[in-house]
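Chemist: This is the structure I want to talk about, given as structure tokens.
Please treat every number below as a calculation from the coordinates, not as lab data. These numbers were taken from a predicted model, which means no experiment stands behind them. Glycine also receives a Cβ, built like all others from the backbone with ideal geometry; neighbour counts cover every protein chain displayed.
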Amino acid sequence: MKNVFLSFIVLALFCTSCTPNKKNAQLFPQSNFDTIVNNKKVSIYTLKNANGMTAQITNYGARLVDLWVPDKAGNFQDVVWGFEKISGYLNATDLFAGPIVGRYGNRIGKGQFTLDGKSYQLTLNDHGNQLHGGANGFYTKVWDARPFKNEKGEDAIELSYLSPAGEEGYPGNLKIKVIYAITANNELSVNYEATTDSPTVLNPTSHVYFNLHGTAAQLIDSHVVTIFADKYTPTDSLLIPTGEIANVENTPLDFRKPTAIGERVKADFIALKYGKGYDHNFILNKKGKEISLAAEVYEPSTGIVMKVSTDQPAIQFYSGNAMNGKDTGKRGEKHNYRTGIALEAQNYPDAPNHANFPSSVLKPGEKYKQSTVYAFETKK
């Protein structure tokens with residue numbers, strides 16, 4: 001019996017194939033991000049829960065750098081695009097890997113709107129329109145960072161920024177803060193608050209590129225997407241809404257039933273030709289400002305499921321059609337064509353110029369609030 005016991009001990013020590021090692025989060029050191037940009041300190045901050053789900057966030061652009069979640073085999077995968085050093089973000093050709101964008105996320109036609117009888121001209125950075133707040137929007141700013149534990153004892157970080165009146169053409173001094181937290185239920189929550197001293201328009205959103213393969217080197221065509229929306233906002237060829245509200249039924253934009261991205265992305269449909277794939281604003285099936293399920297993404301190879309819930313009226317689904325491989329991201333992976341997707345909780349694009357769209361106006365004495373949650377689970 002003693003020999004049998006000793007043999008068991010030896011087997012347990014040396015049989016490495018009996019209990020395979022699991023892949024854990026591989027985090028980047030703070031030294032990769034410690035620098036000065038525009039006379040302000042940049043760094044990186046780590047949030048983690050007891051399950052091992054981990055996020056790293058930099059205050060440059062209030063960006064999500066990495067997000068490690070378990071797959072169906074129990075290995076942790078980094079499911080977002082990004083760079084392992086601050087130099088990658090500063091020198092990237094694609095400026096929108098992971099930041100908070102604004103003041104107005106998405107597009108404003110001709111960069112123009114009228115508010116309280118006064119016309120405003122914003123800076124232009126997208127074919128004569130403004131995109132994601134202009135060439136020096138929130139994504140280029142160094143936010144003030146305050147890591148803390150929230151009331152539930154969860155890791156969180158508050159990022160705040162004062163956008164002065166006239167920045168990128170917007171009226172009003174705008175104070176905004178964004179709080180990221182990793183919850184005990186494997187959720188990344190993103191909560192926004194903002195106030196202004198003069199009427200303005202506001203539509204911030206998170207512009208993270210997701211790839212549930214856990215690598216930016218694989219196409220996202222196999223991702224199975226569900227979007228809980230009966231309608232969308234058609235656009236012109238420059239992706240500026242026409243003001244029409246259209247039904248998704250009998251179109252390639254109907255994701256009310258789970259559908260692989262690659263199944264219809266090249267369909268002969270004018271909206272897909274304008275966007276060179278999916279780049280559309282879906283009007284969510286909801287009433288009021290309650291937080292509800294907006295979209296779900298599932299990757300069969302890893303079993304990772306991401307559920308996006310928000311209190312916003314719409315969500316932009318972008319399938320990475322402009323990605324060109326010029327940027328080399330984390331772990332030496334190229335950001336190639338359609339290797340990441342964005343799901344941007346938002347107001348409608350160009351809402352300041354369409355009376356039939358939800359108002360994006362924020363006035364003094366009001367407080368803008370937004371809540372969006374990315375929840376992760378697995379299935380076999």
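Chemist: Could you go through the range 285-299 in sequence order and give the Karplus-derived ³J(HN,Hα) for each residue, using 6.51 cos²θ - 1.76 cosθ + 1.60 with θ = phi - 60°, rounded to whole Hz, and x for Gly and Pro?
Modeler: Working through the residues one at a time gives 7, 7, 10, x, 10, 5, 7, 9, 5, 9, 7, 9, 10, 9, 10 Hz.
Chemist: Going by alpha carbons, how many degrees (0 to 90, nearest 10) lie between the helix axis of 2-14 and the longest principal axis of the chain?
Modeler: 30
Chemist: Also: Could you rank the peptides 254-266, 121-133 by their average count of other C-beta atoms within 10 Å per residue, with the highest value first?
Modeler: So the order, starting with the most tightly packed, is 121-133, 254-266.
Chemist: Among 95-108, 59-72, 333-346, what's the highest-first ranking by average C-beta atoms within 10 angstrom per residue?
Modeler: 95-108, 59-72, 333-346
Chemist: Further, regarding this structure: Scan around residue 82 for amide H atoms under 5 Å from its own, H built in the peptide plane at 1.01 Å from N, and keep only partners 5 or more places away or cross-chain.
Modeler: It is 330, by chain and number.
Chemist: Continuing with this model, one more query. Using the basic label-point model (7 angstrom from Cα toward the beta carbon), what is the residue 149 to residue 326 distance in nanometres?
Modeler: 4.6
Chemist: In addition: Taking Rh as the Kirkwood radius computed over C-alpha pairs, what is the Stokes-Einstein D of the chain at 20 °C in a medium of viscosity 1.002 mPa s, expressed in µm² per second?
Modeler: 99
Chemist: Separate question: Give me the extension gain from residue 34 to residue 269: residue separation times 0.36 nm, minus the current Cα-Cα distance, reported in nm with one decimal.
Modeler: Going from the current span to full extension adds 79.9 nm.
Chemist: Just to check, using Stokes-Einstein with a Kirkwood Rh over alpha carbon pairs, what's the diffusion coefficient of the range 93-180 at 25 °C and 0.890 mPa s in µm²/s?
Modeler: 172
Chemist: Mind checking which of 370, 312, 30 has the largest fluctuation in a GNM of the chain, springs on alpha carbons under 10 Å?
Modeler: 30
Chemist: To continue, here is another question. For the range 353-371 and the range 78-121, what is the centre-to-centre distance using only Cα atoms, to the nearest Å?
Modeler: The distance from the Cα centre of the range 353-371 to that of the range 78-121 comes to 19 Å.
Chemist: Treating only the Cβ atoms of Lys and Arg (+1) and Asp and Glu (-1) as charged, compute the dipole magnitude of the range 183-318 about its Cα centre; round to the nearest 20 debye.
Modeler: In debye, rounded to 20, the range 183-318 gives about 200.
Chemist: Let me ask another. How do 272-282, 37-47 rank on mean C-beta neighbours within 10 Å, highest first?
Modeler: The densest-packed peptide leads the list: 272-282, 37-47.
Chemist: Next question, about the same structure. Please find the FRET efficiency linking residue 118 to residue 379, where r is the Cβ-Cβ separation and R0 is fixed at 41 Å, and quote it to the nearest 0.05.
Modeler: Efficiency for this residue pair is about 0.20.
Chemist: Turning to a different aspect of this structure: My understanding is that a pair violates if its Cα-Cα distance is over 26 Å; which of 41/85; 177/273; 152/369; 276/380; 23/379; 41/330 do that in this structure?
Modeler: Checking Cα-Cα distances, 177/273; 276/380 exceed 26 Å.
Chemist: Which of 74, 189, 245 sits farthest toward the positive end of the charge dipole of the chain, with +1 on the Cβ of Lys and Arg and -1 on the Cβ of Asp and Glu?
Modeler: Farthest towards the positive end: 74.
Chemist: If you don't mind, there's one more thing I want to ask. Measure off 7 Å from each Cα along the Cα-to-Cβ vector at residue 301 and residue 245, then give the distance between these two points in nanometres to one decimal.
Modeler: According to this spin-label approximation, the distance is 4.0 nm.
Chemist: Moving on to the next point. Starting with the fewest neighbours, write out 144, 78, 94 ranked by other beta-carbon atoms found within 10 Å of each beta-carbon.
Modeler: Least crowded to most crowded, the residues run 144, 94, 78.
Chemist: At 20 °C and 1.002 mPa s, what whole-number value in µm²/s does Stokes-Einstein give for the translational diffusion of the range 216-356, with Rh from the Kirkwood sum over Cα pairs?
Modeler: In µm²/s, the coefficient rounds to 137.
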